[in-house]
Amino acid sequence: MAVDQSQTIMKKLFTLAVFTAISVYTYAQDVNKLIRQEDVTRIISTLASDDMQGRATFTPGIEKAAKFIELEYKQIGLQPMKGDDGYRQNFTMVKTMTSKLDVTINGTAIAQENVAVSGSSSFTWNHLADAEIMKVTPDKDLRAAYISALQSNKNMLVLIDPKFSDMFKRVRGRSLGGSVTFKTEQKDSHALVFVLGAYDDVKSFTVNCEVKSQELPLFNIAGIIPGKTKPDEYVIFSGHYDHLGILKPVGQDSIANGADDDASGTTAVITLARYFKKLHNNARTLIFVAFTAEEIGEHGSQYFAKTVEPDKVMAMFNIEMIGKPSKWGQNSAFITGFERSDFGKILQKNLEGTTFKFYPDPYPSQDLFYRSDNASLARVGVPAHTISTDQIDVDKLYHTVGDEVSTLDMANITSAIRAIALSSRTIVNGTDTPTRVPKLER
């Protein structure tokens with residue numbers, strides 16, 4: 001009897017393994033048939049074309065990109081989100097530009113190229129008590145000090161050692177681009193003034209900063225496929241469609257096309273929307289959203305997070321920079337915050353029988369979990385993760401005019417999109433629900 005039971009169990013396990021293999025094979029056939037490399041190439045080539053002028057926030061280029069994405073959504077047959085007239089999720093933000101910044105330390109005027117400011121209103125400092133002094137000495141971590149100052153909610157004069165002159169240029173560049181805040185964040189704002197130079201003893205300082213502000217429109221592009229049996233449970237597929245716009249020319253090129261960052265992710269969102277619309281069998285409601293203003297502070301996803309009930313969002317697949325093979329080569333990608341939920345384990349389980357593999361984020365020092373749009377939903381407890389293949393530690397084209405379509409591997413993008421489609425199926429059909437992530441206090 002024991003032998004017979006053992007044989008029966010073995011037969012059942014074998015049958016289950018065969019059924020699983022057939023199921024994966026069938027889904028893989030659908031994925032390979034419905035997600036085509038030529039479609040991927042067409043979409044990303046359009047989004048990253050010179051005609052889009054780098055898709056910078058508040059520019060005609062991002063308007064062109066928005067219209068293109070809207071047209072794709074319409075052709076696919078997506079529905080607008082509840083409460084929206086169309087695919088645009090409209091909101092406004094206040095953009096503040098510095099029109100005048102004069103700084104003196106110990107009675108000596110500081111050269112303009114050595115000062116930068118972060119603040120949303122005009123202000124004057126004439127006394128040591130007007131601001132706290134932070135010194136970033138050669139032994140300090142400038143990035144950590146910068147983040148600490150931003151999060152301090154205090155007026156601060158940040159003195160940066162000349163050792164960090166290259167990094168200071170980035171701080172100053174961001175300053176010259178102005179700041180963007182929600183109107184409700186204008187109250188109780190604080191100011192930061194950054195000065196490049198070595199100062200042993202600051203006996204006095206003055207700052208006179210004048211700014212001009214204007215309220216400007218922004219818009220995410222969002223569409224949905226209503227769920228068939230669990231319409232009040234949502235699964236989000238997202239990427240950001242903004243980039244940096246026009247930069248300092250390198251040779252004859254000044255357009256930061258943002259092909260990998262993040263036309264590749266936006267292409268994935270559009271392609272997945274078409275795929276799931278054709279399958280027409282999603283139990284949960286699927287939301288496909290192209291976020292704006294990621295590059296200047298993840299403002300699009302922050303606004304979006306206020307428009308959905310977090311407890312109804314079962315998972316978020318945020319897709320960023322899948323244009324080139326990962327450090328593990330073809331058919332691989334990594335998931336930020338892998339350890340924060342069982343999202344990654346579910347995805348990998350659904351890929352059994354394929355050659356594709358998801359890995360934990362190999363760049364923990366880059367703090368990538370907090371540097372993309374998934375963070376806006378993760379903060380409120382959603383199992384929201386970013387999927388990427390970028391080798392961020394060695395990527396020399398990141399945030400340059402060199403990030404063009406010609407540098408991308410279309411087969412890599414296509415395989416990553418197919419893997420996301422295949423690995424998400426049990427979350428989409430409602431049989432798997434990732435564990436919640438701890439709500440973040442960041």
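The values are calculated or read from the model by the stated rules, or taken from the named source; none is laboratory data. Predicted model only: the values in this text are computed from it and were never measured. Backbone-built Cβ (ideal geometry, glycine too); neighbour counts: all protein chains shown.
Kindly provide the set of residues from region 46-90 that are among the charged types (D, E, K, R), assigned by TED's automatic domain parsing to the domain that holds Phe276 and either touching a Phe, Trp or Tyr at 6+ places or on another chain (Cβ under 7 Å) or surrounded by 21 or more Cβ atoms within 10 Å (Cβ to Cβ) (or both), ordered by number.
Within region 46-90, Arg55, Glu70, Glu72 qualify.
Could you tell me whether Ala256 is among the aliphatic types (A, V, I, L, M), in contact with a Gly (Cβ under 9 Å, 6 or more places away or on another chain) and more than 18 Å from Leu377 (Cβ to Cβ)?
Values: among the aliphatic types (A, V, I, L, M): yes; in contact with a Gly (Cβ under 9 Å, 6 or more places away or on another chain): yes; more than 18 Å from Leu377 (Cβ to Cβ): yes.
Taking the combined requirement at face value, the residue satisfies it.
Which numbered condition in (1) surrounded by 15 or more Cβ atoms within 10 Å (Cβ to Cβ); (2) touching a helix residue (DSSP H, G or I) at 6+ places or on another chain (Cβ under 7 Å); (3) not hydroxyl-bearing (Ser, Thr, Tyr) is the only one that Lys327 fails?
(2)
With (1) under 18 Å from the mean Cα position of the chain (by Cα); (2) surrounded by fewer than 19 Cβ atoms within 10 Å (Cβ to Cβ); (3) of a type in the set (A, V, I, L, M) as the list, and Ala375 as the residue in question, which single condition is left unmet?
Only one criterion in (1) under 18 Å from the mean Cα position of the chain (by Cα); (2) surrounded by fewer than 19 Cβ atoms within 10 Å (Cβ to Cβ); (3) of a type in the set (A, V, I, L, M) is unmet by Ala375, namely (2).
Listed residues Val171, Val180, Val202, Val193; which is more than 28 Å from the chain's Cα centre (by Cα) and either touching a residue at least 24 places away in the same chain (Cβ under 8 Å) or not assigned by TED's automatic domain parsing to the domain that holds Gln112 (or both)?
The conditions single out Val202.
Can you confirm whether Ser365 is of a type in the set (Ser, Thr, Tyr), in the same structural domain as Ala283 (by TED's automatic domain parsing) and modelled with pLDDT of 95 or more? Spell out the reasoning first.
Numbers: of a type in the set (Ser, Thr, Tyr): yes; in the same structural domain as Ala283 (by TED's automatic domain parsing): yes; modelled with pLDDT of 95 or more: no.
For Ser365, the condition - of a type in the set (Ser, Thr, Tyr), in the same structural domain as Ala283 (by TED's automatic domain parsing) and modelled with pLDDT of 95 or more - is not met.
Taking strands (runs of 3 or more DSSP E) that fall entirely within region 210-300, which contain at least 2 residues that are modelled with pLDDT under 95 and in the same structural domain as Asp311 (by TED's automatic domain parsing)? Outline the logic, then answer.
Values: elements: 230-240, 245-250, 253-256, 284-291.
Filter on region 210-300 gives 245-250.
Could you please let me know if Asp432 is within 28 Å of Arg143 (Cβ to Cβ) and either charged (D, E, K, R) or not assigned by TED's automatic domain parsing to the domain that holds Arg36 (or both)? I'd like the intermediate steps shown before the answer.
Working: within 28 Å of Arg143 (Cβ to Cβ): no; either charged (D, E, K, R) or not assigned by TED's automatic domain parsing to the domain that holds Arg36 (or both): yes.
No.
Residue-by-condition table, conditions (1) more than 17 Å from Asp432 (Cα to Cα); (2) free of Cβ contacts under 8 Å to residues at least 60 places away in the same chain; (3) in contact with a Lys or Arg (Cβ under 6 Å, 6 or more places away or on another chain):
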site: Ala333; (1), (2), (3): yes, no, no
site: Thr336; (1), (2), (3): yes, yes, no
site: Glu339; (1), (2), (3): yes, yes, no
site: Asp342; (1), (2), (3): no, no, no
site: Ile346; (1), (2), (3): no, no, no
site: Gly353; (1), (2), (3): yes, no, no
site: Pro364; (1), (2), (3): yes, yes, no
site: Asp367; (1), (2), (3): yes, yes, no
site: Asp373; (1), (2), (3): yes, no, no
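If the Cβ limit is 7 Å and pairs must be 6+ apart or interchain, which residue in region 26-45 that is outside any helix (DSSP H, G or I) and aliphatic (A, V, I, L, M) pairs with which residue that is surrounded by 16 or more Cβ atoms within 10 Å (Cβ to Cβ) and at pLDDT 95 or above?
The qualifying pairs are Ile35/Thr271; Ile35/Tyr275; Ile35/Thr414; Ile35/Ile417; Ile35/Arg418; Ile35/Ala421.
Just to verify a result, which residue in region 65-120, among those that are part of a loop (DSSP other than H, G, I, E, B) and more than 30 Å from Lys278 (Cβ to Cβ), is modelled with the lowest pLDDT? Walk me through it before giving the result.
Residues of region 65-120 that are part of a loop (DSSP other than H, G, I, E, B), as a first pass: 77-78, 80-87, 106-107, 110-111, 119-120.
Now restrict to residues that are more than 30 Å from Lys278 (Cβ to Cβ): 106-107, 110-111, 119-120.
Working: Asn106: 96, Gly107: 95, Ile110: 96, Ala111: 96, Gly119: 83, Ser120: 80.
Selected residue: Ser120.
Suppose we filter region 251-303 for residues that are polar (S, T, N, Q) and either in contact with a helix residue (DSSP H, G or I) (Cβ under 8 Å, 6 or more places away or on another chain) or on the phi > 0 side of the Ramachandran plot (or both); how many remain?
Here is the first cut: in region 251-303, the ones polar (S, T, N, Q) are 252, 254, 257, 264, 266-267, 271, 281-282, 285, 292, 301-302.
From what's left, either in contact with a helix residue (DSSP H, G or I) (Cβ under 8 Å, 6 or more places away or on another chain) or on the phi > 0 side of the Ramachandran plot (or both): 257, 264, 266-267, 271, 282, 292, 301-302.
So the answer is 9.
Going through region 386-400 one residue at a time, which ones are buried (at least 21 other Cβ atoms within 10 Å of the Cβ) and under 18 Å from Pro249 (Cβ atoms)? Steps first, answer last, please.
If we filter region 386-400 for residues that are buried (at least 21 other Cβ atoms within 10 Å of the Cβ), which is where we start, we get 386-390.
None; the set is empty.
Looking at this structure, is Lys95 touching a strand residue (DSSP E or B) at 6+ places or on another chain (Cβ under 8 Å) and of a type in the set (D, E, K, R)?
Numbers: touching a strand residue (DSSP E or B) at 6+ places or on another chain (Cβ under 8 Å): yes; of a type in the set (D, E, K, R): yes.
Taking the combined requirement at face value, the residue satisfies it.
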